[in-house]
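Notes to accompany the following structure.
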Amino acid sequence: MMATTHALVGMAVALPVIVGAPELAPVAILAGAVGGLLPDLDLYVGHRRTLHYPVYGWLAAGPAIGLALLSPSTVTVGLAVGLTAAALHAVTDVAGAGLELRPWQAGSDRAVYSHYHGRWLRARRWVRYDGAPEDLALASLAGAGAITVAGEAAGLVTVGLVGGLLAISTVYALLRRSLADLAVRLVGYVPASIRMHVPQRYCETDPSGRR
């Protein structure tokens, strides 16, 4: 899934806070977006393994949720929503495609690494690839839910974030396949001393995608 979809789904995690404690809605919305994006910071360093924890992530989110319920504050609620969004990100990656530059080719079944199981979890491909129409639909649905529920306290923050993320999502979805070819071409201009640090999936020699 797109990083923006994960951010929007993370914002949707904040919906119970928006309804139950509207004064904490802004921090919950922001924490959800940040937590949803956070795992993808490992994009170039062990992507979907270094910062993705589909099992252990919930061991951190669970106590944080309990603490937020017992003692709600900007810190506890923000931490709970952020950790939950990050854990959810790792789990939902299983619903997508494998870890590859052109996932529509279905050449990899590696969805996300589970440190608990000590292996890669298999890609389900319910969302065929990041930027697919169903991915954009999921992002739109999550964003619409956040905007619908947000009250005055979080309204401007939510609309601004959702609008910006959906704009990025739409452009990315329209250009997704051509971006894969562009990435391969650009890697060709990267100095050899740096290219060794570029993920292997970007180092194909045939920009048409044939193997």
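The values are calculated or read from the model by the stated rules, or taken from the named source; none is laboratory data. Nothing here was measured: the structure is a model prediction, and the numbers come from that model. Counting neighbours? That spans all protein chains shown, and the Cβs are built from the backbone with ideal geometry, glycine included.
Details
Table: residues versus (1) polar (S, T, N, Q); (2) modelled with pLDDT under 95; (3) farther than 30 Å from L179 by Cβ.
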position	(1), (2), (3)
A25	no, yes, yes
Y44	no, yes, no
A61	no, no, yes
R102	no, yes, no
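- Criterion (among the hydroxyl-bearing types (S, T, Y), surrounded by fewer than 23 Cβ atoms within 10 Å (Cβ to Cβ) and more than 28 Å from V159 (Cα to Cα)) met by exactly one of S73, S108: S108
- Flag for A106 being more than 18 Å from the chain's Cα centre (by Cα) and at pLDDT below 95: yes
- Checked against (1) touching a residue at least 24 places away in the same chain (Cβ under 8 Å); (2) surrounded by fewer than 23 Cβ atoms within 10 Å (Cβ to Cβ); (3) not aromatic (F, W, Y), T84 meets all criteria but (2).
- Matching residues, region 111-131, being assigned to a loop (DSSP other than H, G, I, E, B), touching a strand residue (DSSP E or B) at 6+ places or on another chain (Cβ under 8 Å) and surrounded by fewer than 16 Cβ atoms within 10 Å (Cβ to Cβ): R124
- Any hit, region 90-97, residues being under 18 Å from the mean Cα position of the chain (by Cα), surrounded by 15 or more Cβ atoms within 10 Å (Cβ to Cβ) and over 17 Å from A139 (Cα atoms): no
- Note on region 2-42: among residues that are within 8 Å of the chain's Cα centre (by Cα) and surrounded by fewer than 24 Cβ atoms within 10 Å (Cβ to Cβ), the one that is nearest to A132 (Cα to Cα) is A3.
- If you go through region 129-169 and keep only what is hydroxyl-bearing (S, T, Y) and within 15 Å of the chain's Cα centre (by Cα), you end up with Y129, S140, S169.
- Residues (polar (S, T, N, Q), closer than 18 Å to G10 by Cβ and either touching an Asp or Glu at 6+ places or on another chain (Cβ under 6 Å) or surrounded by fewer than 15 Cβ atoms within 10 Å (Cβ to Cβ) (or both)) located in region 132-180: T148
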